[in-house]
Amino acid sequence: MAHRWLGIVGTVLLVSTVFPVRLVAQTERGPYARIAILRPHDGDTVDFEAGYIRHLEWHRQANDTWVWYGWNVTFGERQRWFVYATFGHSAAGLDDPVAPAEDERDNISNVTPHAQYLGNALYEYLPGLSRGTGEPQPTARLELTTVDLNPGAEAAFEKALSTGQPTLQGETLWYRMVAGGTAPRYVRLRPRANLSAILAGSGEQTLPDRVSHLIAKTTIEILTLRPRMSYGLSVARQ
C-alpha cells in the first residue's frame, strides 16, 4: 500500500510539474503563424460548416489556449474556400499543441468527410516590413496578398519593402513562408472594417514598382471573417 501511495504521489507531482511547462510553451509568444486552406466539397458547405463548428467545440473542451481565425474567400479564384490560421507562436509553442492525437481524431470525424485539405504552411512574421503586432485585428474583411518571388530575390524584396515601411497607413502584416509551399513566398494581410475601406486603400495595395522584376506571381484575395468558425476571438458572434 505504501508503494502504491508513493506511486500516486509521484504521478501527481509529475503532472503538476509537466502541465505548467506545457502551458508556458503553448502560450509563449513568438513570430510564427500557421495558415491553412480547406475546400468544402461541392454541395456540402452546410455540413462542412456544422462539422467545423463541432470541431472548434472540441478545442474549447480541451482548453486550447491558441486563437484560431476562420475566413471564407469572398473575392478570388478560390471563392467559398475556407482559410483558417493561428498567429503569434514561438517555435516551442508549435511543438506543443493541445492533444494532437485527439485533435486529429475529432478532425477526421467532423471535418474531413466534408472538405479537402489544400494547403498548410508555416510563416514567420516580419515586423521590419509591417505595421501591426503580427496578429491581425479580427475585422470583418481581410485582404490577403500572396507573392511568389523569383529564386534568390528574397533579400532585395525585403530591403525594398523595409524602406517603405514608415509610410504604411493602416495595419499591414508581412510574413515569410518557412515551409508548406512554393518558395520563396510571402503573404501580406491587411485587415479592414469593410469592403469600402479596402477599395479606398487600393493605392496602398500596389507593391512598389522597384520590386516588380523580383516577382513571379501575385494573387490578391478578399476574405470575410467567420466569427462562429473562429475560436478565441473577441468579436460578436454572427
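The values are calculated or read from the model by the stated rules, or taken from the named source; none is laboratory data. Predicted model only: the values in this text are computed from it and were never measured. For neighbour counting, all protein chains shown are included, and Cβ atoms are generated from backbone atoms with ideal geometry for every residue, glycine included. When the accessible area is computed, the model is the full protein with side chains, heavy atoms only, and any ligands, DNA or RNA have been set aside. Shrake-Rupley method; radii C 1.70, N 1.55, O 1.52, S 1.80 Å.
Side notes on the structure shown:
- Subset of the stretch 145-160 (residues that are assigned to a helix (DSSP H, G or I) and either small (Gly, Ala, Ser) or at pLDDT below 95 (or both)): 155, 156, 160
- Which listed residue, of 151, 184, is touching a residue at least 12 places away in the same chain (Cβ under 8 Å), more than 20 Å from residue 67 (Cα to Cα) and exposed (fewer than 15 other Cβ atoms within 10 Å of the Cβ): 151
- Looking only at residues of the stretch 94-111 that are among the hydrophobic types (A, V, I, L, M, F, W, C) and within 16 Å of residue 53 (Cα to Cα), we find that the one that is surrounded by the fewest Cβ atoms within 10 Å (Cβ to Cβ) is 108.
- Search result, residues across the stretch 154-170 that are open to solvent by 40 Å² or more (accessible area, probe 1.4 Å) and under 26 Å from residue 141 (Cβ atoms): 165, 166, 167, 168, 169
- Selected residue (criterion: most open to solvent (accessible area, probe 1.4 Å)) from residues of the stretch 34-81 that are within 25 Å of residue 178 (Cβ to Cβ) and aliphatic (A, V, I, L, M): 67
- Test for residue 85: is it touching a residue at least 24 places away in the same chain (Cβ under 8 Å), within 26 Å of residue 161 (Cβ to Cβ) and buried (at least 20 other Cβ atoms within 10 Å of the Cβ): yes
- Given (1) at pLDDT 95 or above; (2) over 13 Å from residue 145 (Cβ atoms); (3) open to solvent by 40 Å² or more (accessible area, probe 1.4 Å), number of the condition residue 227 does not satisfy: (3)
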